[in-house]
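Single-structure report; data block below.
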Amino acid sequence: MNLPKSLAQASLPWYGIDFGNGLPNGRFTNGRTVADIIGDHSGLPRPPPFLDSSLSEDVILSNGVNFASGGGGILNETGGLFIQRISLSRQIELFQGTQQLIADKIGKEEADKFFQDGRYVVALGSNDFINNYLMPVYSDSWKYNDQTFIDYLMETLGAQLKVLHSLGARQLMVFGLGPMGCIPLQRVLSSSGGCQDRTNKLALSFNKATDQLVTGLSAQLANASFKFGDAYDVVNDLITSPKKHGFSNADSPCCSMGRIRPAITCTPMSTLCKDRSKYVFWDEYHPSDRANQMIADELIKKFGFLISPSPAPDSAPSPDSS
């Protein structure tokens, strides 16, 4: 999303260095996201961001649209310190407005079919912990305990997914969380430099609750095919056994300010590691392109996504050159 006042910016060098023309493109990584890779594999076009200046009804009809926002969460209060971000509830409101634009363009009946035939991905949750519940500056950190906070997230997410279903979403995947306690940001805040056990347990609890929520909604809502994409184990394996997967570093970011840590995002002043294909993490929060490839491969195997008959657009370089 193009939010000029946001402190969660992927519009700076070196984001996107291994993607297409190598310029920043809104992705919080050096190359592709997991959703990019799964979409490419399935033969789906890459949806442009909602605030892209070139977005039009015709582009939406051919490529879809992406409402993702840096720093956004399931909860409206999440990421408040980032100043500008778009929560899931607000993203759904924008989706509703988009539906009206498409209905005005092609008629309500055709628009309803278009949105019911579409595929949807919801990938949020980590910010609700990292940039909300686990930070004492947010009131949720003292209003809830671990279990009641997850209950609050599930109540909110369940209502949001029901709204999406009422708006036509039938094929929908909700991605789970990886071992959040092992991201570089959490490690550097630990006195030992190790993973934060409580944060990882929160991720596992969130995944279990979300899996139950999504399975229940899929059974309850008409014609719904809602799935839960759990990649915790595969990400954990990359982090705990990096050499097995060809990585040399699984605990610090490739893009960093050296000893000045944590730098919340990768910036033009940051320095890059010598070989980006050897780092599990790109910045303090997010996996690298090569790690995302391995995560996506596991999800593709697990869920049997259809293989694309044609080459993917704007492919990132092969791992050994990334």
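The values are calculated or read from the model by the stated rules, or taken from the named source; none is laboratory data. Given the structure is predicted, the values throughout are model-derived calculations rather than measurements. Every residue, glycine as well, gets a Cβ built from its backbone with ideal geometry; the counts of neighbours run over all protein chains shown. Ligands, DNA and RNA are stripped out before the accessible areas are found, and what is left, the full protein with its side chains, is counted by its heavy atoms. Shrake-Rupley method; radii C 1.70, N 1.55, O 1.52, S 1.80 Å.
Here are the numbers for the structure shown:
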{"read-out": "Rounded accessible area of Arg170 (nearest 10 Å², 1.4 Å probe)", "value": "40 Å²"}
{"read-out": "Gln171 paired with Lys244, simple spin-label distance in nm, labels 7 Å along Cα-to-beta-carbon", "value": "3.3 nm"}
{"read-out": "Accessible area per residue in Å² at 1.4 Å probe, computed on region 84-126", "value": "56 Å²"}
{"read-out": "Listed residue pairs exceeding 25 Å between alpha carbons, taken from Lys143/Lys201; Lys113/Lys208; Lys162/Lys227", "value": "Lys113/Lys208"}
{"read-out": "Selection from Gly26, Leu164, Asn76, by position along the positive dipole direction of region 26-167 (Cβ)", "value": "Gly26"}
{"read-out": "Estimated dipole of the chain in Debye, rounded to 20 [Cβ of Lys and Arg +1, of Asp and Glu -1, Cα centre]", "value": "580 debye"}
{"read-out": "GNM top mover of Asp197, Asp104, Asp297 - the chain, alpha-carbon springs below 10 Å", "value": "Asp104"}
{"read-out": "Kirkwood Rh and Cα Rg combined as Rg over Rh, evaluated for region 94-209", "value": "1.12"}
{"read-out": "Under 5 Å, built H, 5+ apart or other chain: amide partners of Gln171", "value": "Tyr120, Ser225"}
{"read-out": "Per residue accessible area in Å² of region 136-256, where ligands, DNA and RNA are left out and the probe is 1.4 Å", "value": "45 Å²"}
{"read-out": "Kirkwood-Stokes translational diffusion coefficient of region 28-150, alpha-carbon pairs, 25 °C, 0.890 mPa s, µm²/s", "value": "151 µm²/s"}
{"read-out": "Accessible surface of the chain, 1.4 Å probe, proportion on carbon and sulfur as whole %", "value": "53 percent"}
{"read-out": "Dipole of region 197-304, positive direction: furthest Cα of Leu238, Ser205, Pro268, with charges on the beta-carbon", "value": "Pro268"}
{"read-out": "Phi to ³J(HN,Hα) by Karplus 6.51 cos²θ - 1.76 cosθ + 1.60 over region 185-194, Hz, x for Gly, Pro", "value": "4, 6, 5, 5, 7, 8, 5, 8, x, x"}
{"read-out": "Net charge contributed by nearby residues that have their C-beta within less than 13 Å of Ile102 (K/R +1, D/E -1)", "value": "-4"}
{"read-out": "Surface accessible to a 1.4 Å probe, Trp14 within the full protein complex, Å²", "value": "90 Å²"}
{"read-out": "Dimensions in Å of region 214-264 - Rg and Dmax from alpha carbons", "value": "18.5, 53"}
{"read-out": "Built amide H within the under 5 Å cut-off of Asp230, gap 5+", "value": "Gly176"}
{"read-out": "Charge sum, other residues only, whose C-beta stays under 14 Å from Phe303's C-beta, Lys/Arg counted +1 and Asp/Glu -1", "value": "0"}
{"read-out": "Residue-by-residue Karplus 3J(HN,Hα) for region 91-97, coefficients 6.51, -1.76, 1.60, Hz, glycine and proline x", "value": "4, 5, 4, 5, 4, 4, x"}
{"read-out": "Positive minus negative residues near Leu75 (Lys, Arg vs Asp, Glu; Cβ under 9 Å)", "value": "-3"}
{"read-out": "Percent antiparallel among DSSP beta bridges (both partners in the chain, rounded to 5)", "value": "25 percent"}
{"read-out": "For Asn66, residues with placed amide H under 5 Å, excluding near neighbours", "value": "Phe50"}
